[in-house]
Amino acid sequence: MKKDKSELMGKLKSLAVPVIITAVVLVAIVVIVNFKGTTEQTEGMTVYSYDGSEDSIILENDKLRLTMDPTTTQFTLEVKETGKVWYSNPPEAETDPVAVASYKGRLQSTLLMTYSIATGLQTTYDSFTYGVTNGMYNIEQGDDYVKVNYSLGNVEKEYLIPPVCTVAGMEQWFDKLETNDSSFIKRYYKKYDINKLGKDDDRDALVAAYPSLENEPLYVLRDTAKGAVTQKLEQIFEKAGYTADDLAADKQLSTQLASKDTFVFDASIIYKLDGGDLVVQMPLSDLEYSEATPIYTLVPLPYFGAGGSEDEGYLLVPEGGGALINFNNNKLSQASYYANLYGWDMALSRDAVVHDTRAYFNVFGIANGDDSFICMLEEGAPYVSVQADIAGHGSSYNFVNSCYTISPSELYQVGDLNSQNVYKFLETLPDETLTQRYRFVDSSSYVDMAKTYQGYLKDQYGDYFTENSDEATPVVLEIVGAVDKVRQILGVPVSRPLKLTKYSEAEDMIQQLASEGMGNISVKYTGWCNGGVNQKILSKAKTISALGSKKDLQSLGTAAKELGVDLYLEGVTHYEYDSGLSDGFFSFTDAARFLSKERAELFVYSDVTYAAREGVDSYYLLHPSVIEENAEVLAKAAGQYSANVAFRDMGKDLSSDYYLKNFVSRQQAMDSHAQILREISDDNKKVMINMGNDYALPYADIVTNMDLSGSGYTIIDEEIPFYQLAIHGYVNYVGAPLNTCGNEEKELLESAEYGAGLSFSLMRETAFALQKTLYTEYYASDFAAWHDRMMEIYNRYNSEMGHVFDQQMTGHEKLDDNVSCTVYEDGTKVYVNYGFTDTVTSDGVKVPARDYLVVR
C-alpha cells in the first residue's frame, strides 16, 4: 500500500510542472487577448456636428474681449487697457513656409490629443485636421463662458443624405421638393437598372455592392458629391424631411457601407473671463474614448501667443528659479525644452534613470514686444509637463505650452509568449477639471511678470503668504545624527546605526555657533530617529540610543528655544527604508501600487550605468493614508521635544497610488499634502520643506535645497530668479549646503544673486567614521574641519546682505554674460560676477572676479 501511494505521489509530482506551465500559458494568452481588445468604437459616444453658423462668438467683460471664429474655433483676446491682441493660433499658420502639411494642422489647432494602443504605439490628432475640417464639433455659449466640444477622428463627416436609394423611394422625396432641387439631386446621383446597364458597368460588382439591384432599380450617390455639394444636398433633403432613420434604412441597401473600425475621441474646452484673466478648463468627465485607445496626453492652446520669426521676445519656462528662451535663438541643433511639473510620479515604474526633469512652480509665459502673459497651472497641474521650442524646429513659431498626461502607461510583463510590448493604462479617470489661468502684463519685463505671479500667490493663499521680519541672513544647519552601517555581530552582518552627532553634541554645536555671533539659525536634525538617515517607517518615532536618551533630545529642544534657534526634526513620510513587520511595515498593505498592480518597489539608480545600483537596498513608496499617519507621528514627536517639523519628501515629491480599490490621483495627493502642511502650520509649529513646490510653499517657514539655477538645458539663453522675485521677503529659502554641494563657490554666488540664505551640513565625527558606508555625501560635513570657513562665509554674507531678507526684490538684470545685478526695496544692489576677470559695469561699479559685491 505504501509503495502504491509513493508511486502515485511521484506521478502527481511529475505532472505538476507541465500543468503549471499550461496554466501560465493560458493566463498569458487571456491577458494578451484582453489587452489587444476590440477596436470597435464605444457605443453611445456623442459625435459633435458643426451647425454652419459663421457669426463671431464674443465673450466680454470690462477688461478683456474674446472673439471666436466659429468656422475654425480659433480666437483673439484683446486686453482693453493696452489694446494688445493675443492670438490663440498664429494668424499665418496656413502659409508657414517651414511647416509641413501635418504640422500646419497643428498650428491651426486649439487642442492636441495623443492616444495610445496596448502595444504602446502613440498617434496624435489635432483639433483642426481631425475635428474642424470634418465639421465634427459644436460651440455652446453661456452668460460667462464659451464651450467648444470636439469629436476628433480620422473619419469623414456623415451627412444626412441617402448614399443609395430605391428609385421608388427617391421619387417620393422628389414629390416633396421643388423642381430645381430635384434636378440638383439628379446631377449627383446615378441611376442603375439591372436590365439597362451601360457598357462600362460591371454587373457582378454592382450586384455584390447593391444586392437589391437584382429586384429593383437604385439611385447611387456619385463620388463627385463632396464638400459644399454634400452640404447643399443635406439642406435639400432636410426640407423633404429626410431623417437619421431613413439614412440607416438606406445604408442597408449597400454592402460597402458596413461600419469601419475608426477611433473617435470627444473632448471639450471651456473659456471663461475672470476679471483680467482668461481661464481655460477641460473637464475630464467630458472625455470619451474606447478602452482600447485611451487618451494619453492633452495639450490645450498649444500655440497661444506664439512668436513668429520676425517677432522679438522670449519664452519663460520654470527651470530652476526660472529661465528664458529667446525667440529665434537659432539653437536648432539643441533639443526642445521639456520638464515634469513636481518631478517624476514615483508610482510609475522605470528601469533606468538618465536625468530627472523637474519644475517646482506652476508657471510659464511669453513676452512679445512690449507685452507679456503668464499662465498659472491650477487643477491638474501635477499631470503637466511644460514644453517649449523655438522657430525652425518644425515651424516658424516660438511657443511654450502645457502637456497633460491623462492616462499614464506602464509596460506589462507577459513573458516570452508575445513578441510585442503590452502596456497597461489608467482605467478610470478622476473627476477633475484641468484648469489653467492666463494673466496679462503691460510689460515685457520678467520682473513685472514675477510680480504679477506674486500677486496671484497673495490672492490664492491670503494670510499664509505674508511678509517676514527677518533682520539677518537665514542659516540652515543640517546636523546629521546617525547613518546605518553593516557590522559583524557573532559573525553575522547586521545593519546598525552609526553615531555621527549625538543629541548633546548637537546642542554644544548650536551653543558654540550662537555664542560666536551666528543668528537666525534653523537646525535640521537629520537621522535622529528610527535607525538614522535611512529611516525606517515612521509608524512611531523611536530615538536612537547611540545618540543619547530622550532626555538629551529634550534638552536639545529646550536649549535651542532659549537661544532663539529654530530646531526642526526631519522625517521621511513618503517612503520606508529597511523596514519589516517589527517596525510596523507590511508591504502588501502599506505600499502604494504601480499601474501594473505590483507593489511600488523603488531603486537607487547609478549615475554611470543609469540602471539600479547593485548592492543598494530597494525601498517602497507608501500608501497616501500611511503618509498621512507618518506626518502625524512626526508632528507629534516634534512637539514632544519642543521642536518644529522638517519633511525630507513632502513639498518636494508627489506621487499617485494606483491601488485598484482605492486609487489616489496625483492631484488628490497634492491636495492632501497641502492640507497636512496647513494643519501643522495652524498648530503653531514651523515647517521646513525641501525644494519648495508652489502648493507647499505658503505653509513653509523655510525651504532647503532649492534648485536655484536648474539643469542647464542648452536651448536656454538666460537663467533668472523668477520664483525668487515672487517669494523673497515672504518665505526664506536656501540652496544646497555649501560644503557638500560639490561647487561651494558657484553655489555661494548663486545664493547671492537669487537672494538665498546659507546652508551647511555638519556632523561631530570626522569623515573617517564614514568609511565602508554608502554615505559619501557627508565626507565634507566634519564640523571641526569646516567651522572656520563656515564662520568666514557667514560673517561676510550676513554683514553685507543680512538686511535684505525682510525686503522684496524689486529688480534683476543680466548686465553681460557673467555679471548680474539684483535690486531690493531699499535700493540695495547685489552684483555677482561669475567670470574669471574683474568687470566694470556701465554705471562704473567694479565687480571682482568670481565674487559678489553689495552696494547700498
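The values are calculated or read from the model by the stated rules, or taken from the named source; none is laboratory data. Note that this is a predicted model, so its numbers are computed, not measured. Reconstructed Cβ throughout: ideal geometry from the backbone, glycine too, with neighbour counts over all protein chains shown. Note: accessible area is taken over every heavy atom of the protein model, side chains too, but ligands, DNA and RNA are not part of it. Shrake-Rupley method; radii C 1.70, N 1.55, O 1.52, S 1.80 Å.
Listed here are the residues, each with its yes/no results for (1) assigned to a strand (DSSP E or B); (2) over 30 Å from Ser625 (Cβ atoms); (3) of a type in the set (Ser, Thr, Tyr).
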position	(1), (2), (3)
Ile510	no, yes, no
Tyr525	yes, no, yes
Val533	no, no, no
Leu569	yes, no, no
Thr573	no, no, yes
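All conditions but one from (1) in contact with a Phe, Trp or Tyr (Cβ under 9 Å, 6 or more places away or on another chain); (2) open to solvent by less than 20 Å² (accessible area, probe 1.4 Å); (3) at pLDDT 95 or above apply to Thr452; the one that does not is (2).
Scanning region 157-189 for residues that are touching a Lys or Arg at 6+ places or on another chain (Cβ under 7 Å) and closer than 30 Å to Val264 by Cβ yields Pro163, Tyr188, Tyr189.
Within region 141-157, identify whether any single residue is assigned to a loop (DSSP other than H, G, I, E, B), closer than 16 Å to Ala225 by Cα and open to solvent by 40 Å² or more (accessible area, probe 1.4 Å), and answer yes or no. For region 141-157, residues assigned to a loop (DSSP other than H, G, I, E, B), closer than 16 Å to Ala225 by Cα and open to solvent by 40 Å² or more (accessible area, probe 1.4 Å): present.
Kindly check whether there is at least one residue in region 533-541 that is within 30 Å of His623 (Cα to Cα), out of contact with any Cys (no Cβ under 6 Å at 6 or more places or on another chain) and β-branched (Val, Ile, Thr).
Looking only at region 533-541, we keep the residues that are within 30 Å of His623 (Cα to Cα), and these are 533-541.
Cutting the leftovers down to out of contact with any Cys (no Cβ under 6 Å at 6 or more places or on another chain) gives us 533-540.
Going one step further and asking which of them are β-branched (Val, Ile, Thr), we end up with 533, 537.
Yes: one or more hits.
Looking at region 195-203, is at least one residue open to solvent by less than 60 Å² (accessible area, probe 1.4 Å) and either in a helix (DSSP H, G or I) or of a type in the set (Phe, Trp, Tyr) (or both)? No, that holds for no residue. Filtering Gly811, Gly742, Gly755 for residues that are within 28 Å of Val687 (Cβ to Cβ) and surrounded by fewer than 22 Cβ atoms within 10 Å (Cβ to Cβ) leaves a single hit, Gly742. Using beta carbons and a limit of 7 Å, which pairs, at least six apart or on different chains, have the first residue in region 358-375 and within 16 Å of Leu301 (Cβ to Cβ) and basic (Lys, Arg) and the second one modelled with pLDDT of 95 or more and open to solvent by 10 Å² or more (accessible area, probe 1.4 Å)? Filtered contacts from region 358-375: no entries. Scanning region 81-95 turns up no residue that is free of Cβ contacts under 8 Å to residues at least 40 places away in the same chain and buried (at least 18 other Cβ atoms within 10 Å of the Cβ). Taken over region 710-720, the criterion of being open to solvent by 10 Å² or more (accessible area, probe 1.4 Å), closer than 11 Å to Gly320 by Cβ and in a loop (DSSP other than H, G, I, E, B) is satisfied by Gly710, Ser711, Gly712, Tyr713, Ile716.
Selection within region 313-358: residues that are aromatic (Phe, Trp, Tyr) and assigned to a loop (DSSP other than H, G, I, E, B). The member of this set that is surrounded by the fewest Cβ atoms within 10 Å (Cβ to Cβ) is Trp344. Residues of region 174-194 that are within 13 Å of Val164 (Cβ to Cβ) and part of a loop (DSSP other than H, G, I, E, B): Tyr188 alone. The single condition among (1) at pLDDT 95 or above; (2) small (Gly, Ala, Ser); (3) out of contact with any helix residue (DSSP H, G or I) (no Cβ under 8 Å at 6 or more places or on another chain) that Ser842 does not satisfy is (1). Checking each residue in region 284-312 for being open to solvent by 20 Å² or more (accessible area, probe 1.4 Å) and either among the polar types (S, T, N, Q) or in a strand (DSSP E or B) (or both) picks out Ser285, Glu288, Tyr296, Ser309. Among the conditions (1) crowded, with 20+ Cβ neighbours inside 10 Å; (2) not in a helix (DSSP H, G or I), the only one that Ala225 does not satisfy is (1). Taking each residue of region 389-403 that is more than 13 Å from Ile715 (Cα to Cα) and looking for partners that are acidic (Asp, Glu) and assigned to a loop (DSSP other than H, G, I, E, B) with beta-carbon atoms closer than 7 Å, six or more apart or interchain, yields Ser395/Asp96; Ser396/Asp96.
Trp786 meets the conditions (1) open to solvent by 60 Å² or more (accessible area, probe 1.4 Å); (2) touching a residue at least 40 places away in the same chain (Cβ under 8 Å); (3) within 22 Å of Leu513 (Cα to Cα) in every case but one. The failed one is (1). Taken as a whole, the structure leaves Ser504 outside the set of residues that are in contact (Cβ under 8 Å) with a residue 12 or more places away in the chain, in a strand (DSSP E or B) and either surrounded by 24 or more Cβ atoms within 10 Å (Cβ to Cβ) or touching a Gly at 6+ places or on another chain (Cβ under 9 Å) (or both).
Among residues of region 159-176 that are under 15 Å from Ser254 (Cα atoms), those with a beta-carbon under 7 Å from a residue that is surrounded by fewer than 19 Cβ atoms within 10 Å (Cβ to Cβ) and among the polar types (S, T, N, Q) at least six positions away or on a different chain give the pairs Ile161/Thr230; Pro163/Ser254; Val164/Ser254.
Please determine whether any residue of region 625-648 is among the basic types (Lys, Arg), in contact with a His (Cβ under 9 Å, 6 or more places away or on another chain) and closer than 30 Å to Val565 by Cβ. Yes, there is a match, as at least one residue in region 625-648 is among the basic types (Lys, Arg), in contact with a His (Cβ under 9 Å, 6 or more places away or on another chain) and closer than 30 Å to Val565 by Cβ.
May I ask you to list the residues in region 487-501 that are in contact with a strand residue (DSSP E or B) (Cβ under 7 Å, 6 or more places away or on another chain) and either surrounded by fewer than 19 Cβ atoms within 10 Å (Cβ to Cβ) or basic (Lys, Arg) (or both)? Result: Arg487, Pro493, Val494, Ser495, Arg496, Lys499.
Across region 766-783, the qualifying residues are those that are among the hydrophobic types (A, V, I, L, M, F, W, C) and assigned to a helix (DSSP H, G or I), and the one among them that is surrounded by the fewest Cβ atoms within 10 Å (Cβ to Cβ) is Phe768.
Can you tell me which residues in region 808-856 are assigned to a loop (DSSP other than H, G, I, E, B) and of a type in the set (Ser, Thr, Tyr)? So that I can check it myself, show each step before the final result.
Residues of region 808-856 assigned to a loop (DSSP other than H, G, I, E, B): 808, 815-818, 825-828, 834-838, 841-845, 848-850, 856.
Within region 808-856, Thr828, Tyr834, Thr837, Thr841, Ser842 meet the criteria.
The single condition among (1) buried (at least 23 other Cβ atoms within 10 Å of the Cβ); (2) more than 40 Å from the chain's Cα centre (by Cα); (3) farther than 30 Å from Val731 by Cα; (4) among the hydrophobic types (A, V, I, L, M, F, W, C) that Ala546 does not meet is (1). Of the candidates Asn662, Asn644, Asn630, Asn693, the single residue that is surrounded by fewer than 18 Cβ atoms within 10 Å (Cβ to Cβ) and farther than 30 Å from Val819 by Cβ is Asn662.
Restricting attention to region 831-856, and to residues there that are more than 16 Å from Ala752 (Cβ to Cβ) and not charged (D, E, K, R), which single residue is most open to solvent (accessible area, probe 1.4 Å)? Among those residues, the one meeting the criterion is Phe836. Entry remark, region 643-691: residues being touching a Pro at 6+ places or on another chain (Cβ under 6 Å) and among the basic types (Lys, Arg) number 1 in total.
Within region 85-125, which residues are of a type in the set (Gly, Ala, Ser) and either modelled with pLDDT under 95 or part of a helix (DSSP H, G or I) (or both)?
Matches in region 85-125: Ala93, Ala101, Ser102, Gly105, Ser116, Ala118, Gly120.
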